[in-house]
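Please read the structure below before turning to the comments.
Bear in mind that the values in this text are calculations on the coordinates, not laboratory data. What you see is a predicted model; the values in this text were computed from it and never measured. Using ideal geometry, Cβ is built from the backbone for each residue, glycine included, and neighbour counts are taken over all protein chains shown.
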Amino acid sequence: MTRGDGTKTIVLVEDNPDDVELTLRAFERSNIANEVRVVRDGASALDLLLARGEHEGRDRADDPQLVLLDLKLPRVSGLEVLRALRRDERTALLPVVVLTSSQEERDVVESYRLGANSYVRKPVDFVEFVEATRQLGLYWLVLNVGARGR
Amino acid sequence: MATEESFRQLFAANPVPMWVFDTTTLAFLEANQAAIDLYGFSREAFLERTILDIRPAEDRMALLAMVRSERPPLNHSGRWRHLTADGRTLDVDVTSHATTFEGREARLVVVRDIGPELRAERYEERRRAELQRLAGELERRVAERTAELTDLNRELEGFTYSVSHDLRAPLRAIDGFSLALLEDGGAALDERGRHYLDRVRAASRRMAMLIDDLLALSRVSRAELARRKVDLAEIARGVLKELEELEPERAVEVVVPRSLPVAADRNLMTVLLHNLLTNAWKFTARTEGARIELAVERQDGEMAYTVRDNGAGFDMRYAEQLFVPFQRLHSVEEFPGTGVGLATVQRIVRKHGGRVWAKGQVGRGAAFHFTLGEGTS
């Protein structure tokens, strides 16, 4: 998932098509040029990130730079995805940002407990959403020095 | 003989029912007035009968067995059932004493009517049983209600969880795509079209605010109360500092004591002061020389914590409505808000076993007083 220019991809795990479109638009507005790969449910996300199922044998050099994870997902929930990613040593250090609607305390606490790197609540106001996305991209794609590949 | 005469007197006038019977024939030989009154037989009727005649048929064998047995001179033969002249059954306690009467071997029987005692005992027993039944019933009902409440709570929790996830997503789409339309298709829209889209966005943001406030209210209801020593003054300073940072252009005189310790839940106190002080901040927006004060003072006969401002105030006629969710005394254009804040304040105060009330005057400011039930727990 590395492009010719060396920027890595972002995986967006999101089942709501409106949110997918708006998030992509927000990336565009915040000048985040990374390729965004969208997966619509938790099971597909795990297949892709853990290189199994239809993604069996994919090149691990293709690993994304950042995963944006919704919590309410069909089949396997976001928290389950997070748990599985942290349990697997290949993805234990992969930056995962929970990007979701709720600010229910149990979601926030459980996300951090399972090893989320960040928890961002999607604001209703799209202008604020763009700003949140911009800061998120700035931190996780530009400033953050990842543990992997070092 | 004078002595015999006095004994006869003692027998005849004794308020305790007594009789004498022949131990051989079992016939009554004498009965006193109290016995006559109790059994309803005349003296003559007694003397025509034997002691078997005043027993229910099923008790007669036992009586015969006892009479024939060797008995001590003074014998307490215990509880028996006797029949009255009109067929009622008496519960009696019987004591007999061996004697001779007009040359015959006899026994003097002293009878105590224990019916009222037994009835009281039975009544007491029934009452105990009834109380036990009621206690059991109550326990069962409490268990039922608890189970119902647990179910309801779980349902409510699921509901709020779902609201906080699912109700906001469409609002994001409404706001986001309205803005996208303004940005991308704005040229095709006239002034009025853009105005409508602005209204759509404002409405979606307002609905998001309503949802958030409702969720906050429900979180307060579900929160466990952890009472500890908390400094209201310190919390108030924090909240006011945030408000000042959001609107640095506002000049508000803030009066907060150095410290104001209470025994209360810290998180809930933060929510409470946030609501009251944000209100005070909001309603003094158009006041010259705005002033917000936190104090503890005697109010209506008790010590109350008070948040006071000199802002827009309110009409005391509507004081009760202040704490009803979604009830607002000002239009959204005048002062923004959802009308959930003071309902949340009231719920927090009640959770602490306290009460909250407000005093105000239009154009002269408002004061919110609350207690925290600190003495009661």
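A few notes on this one:
- Kirkwood-type hydrodynamic radius, the range A:11-150: 15.2 Å, calculated from all non-identical alpha-carbon pairs.
- Charge dipole of the range B:104-161 about the Cα centre (unit charges at C-beta), most positive-ward option of B:132, B:147, B:110: B:110
- Mean projected area of the Cα convex hull of chain B, taken over all directions, amounts to 38.3 nm².
- Nearest-20 debye value, chain B charge dipole, Cβ charges on Lys, Arg, Asp, Glu: 600
- Put a dot 7 Å past the Cα of residue B:263, heading toward its Cβ, do the same for residue B:145, and the two dots end up 2.7 nm apart.
- Distance between modelled label sites at residue B:58 and residue B:194, nm, 7 Å Cα→Cβ extension: 10.4
- Residues of the range A:77-105 with an amide N closer than 14 Å to a point placed 7 Å from the Cα of residue B:212 along the Cα-to-Cβ direction: A:101-104.
- Calculated FRET efficiency for the pair residue A:21/residue A:62, C-beta based, R₀ 35 Å, to 0.05: 0.90
- Projecting the Cα atoms of A:79, A:116, A:44 onto the charge dipole of chain A, computed from C-beta unit charges around the Cα centre, puts A:116 farthest toward the positive end.
- FRET efficiency, 1/(1 + (r/R0)^6) with R0 60 Å, evaluated for residue B:159 and residue B:187 via beta carbons: 0.85
- Residue-averaged beta-carbon neighbours from other chains (10 angstrom radius) around B:202-208: 2
- Averaging the Cα positions of each part gives two centres, and for the range B:144-207 and the range A:71-150 these lie 22 Å apart.
- Peptide A:96-104 is shielded by partner chain Cβ atoms: per residue, an average of 4 of them sit within 10 Å of its Cβ.
- Residues listed by number, the range A:15-49, amide nitrogen under 13 Å from residue A:90 label point at 7 Å toward C-beta: A:46-49
- For residue A:122, a cut-off of 20 angstrom between C-alpha atoms picks up these lysines, skipping any fewer than 8 places away in its own chain: A:72.
- Note on B:156-166: average number of Cβ atoms from other chains within 10 Å of each residue's Cβ is 3.
- Spin-label model distance (nm) - residue B:26 vs residue B:224, 7 Å beyond Cα toward Cβ: 7.6
- For the protein assembly as shown, the dipole from Cβ point charges (+1 on Lys and Arg, -1 on Asp and Glu) about the Cα centre works out to 740 debye, to the nearest 20.
- Kirkwood hydrodynamic radius over Cα pairs of the protein assembly as shown, then Stokes diffusion coefficient at 25 °C and 0.890 mPa s, in µm²/s: 77
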